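See structure below.
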Amino acid sequence: MTAYTYLLRCADGTLYCGWTNDLAARLAAHNSGKGAKYTRARRPVRLVYSEPHPTRGEAMRREAAIKRLSRAEKEALLAAQEARCPVP
């Protein structure tokens, strides 16, 4: 089963990091107010980054690593992804 580490951009511009087995369902949960306490008051949220991992443990370890990054480092991660896969 594939697990994902993801970053959301909240309506107030902040970033939220998490992991899930189903990106679409998790994004819907965040936007419905059932996702996380942090995102509940910062809706709507947009998925801005995701990484697939073969196991839940790897996704959780990557989430922990991303959470330790500074905001500038997280923004650089997003910019690097945008450079590889520009969104129209």
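The values are calculated or read from the model by the stated rules, or taken from the named source; none is laboratory data. Please read all numbers here as calculations on a predicted model, not as lab measurements. Note that each Cβ is placed from the backbone with ideal geometry, even for glycine, and that neighbours are counted across all protein chains shown. Calculation scope for accessible area: heavy atoms of the full protein, side chains included, ligands and nucleic acids excluded. Shrake-Rupley method; radii C 1.70, N 1.55, O 1.52, S 1.80 Å.
For the chain, the solvent-accessible area works out to 61 Å² per residue, with a probe of 1.4 Å and every protein chain left in place.
Given R0 = 22 Å, the distance between the Cβ atoms of ALA72 and ALA24 translates into a calculated FRET efficiency of 0.15. What a 1.4 Å probe finds exposed on the stretch 19-88 is 57% carbon and sulfur by accessible area, rounded to a whole percent.
Sparsely packed loop sites in the stretch 14-58 (the trypsin sites (Lys or Arg not before Pro) outside DSSP H, G, I, E and B with at most 11 other Cβ atoms within 10 Å) comprise LYS34. Percent of alpha carbon pairs in the stretch 38-88 separated by more than 15 Å? Every Cα pair in the stretch 38-88 considered, those over 15 Å come to 61 percent. Classification of the stretch 1-85 by its C-alpha gyration tensor yields an oblate form. The axis ratio a/c (a ≥ b ≥ c) is 1.5 or more, and b/c is at least a/b. Simple point charges give the picture: +1 on the Cβ of Lys and Arg, -1 on the Cβ of Asp and Glu, and for the chain a dipole about the Cα centre of about 340 debye.
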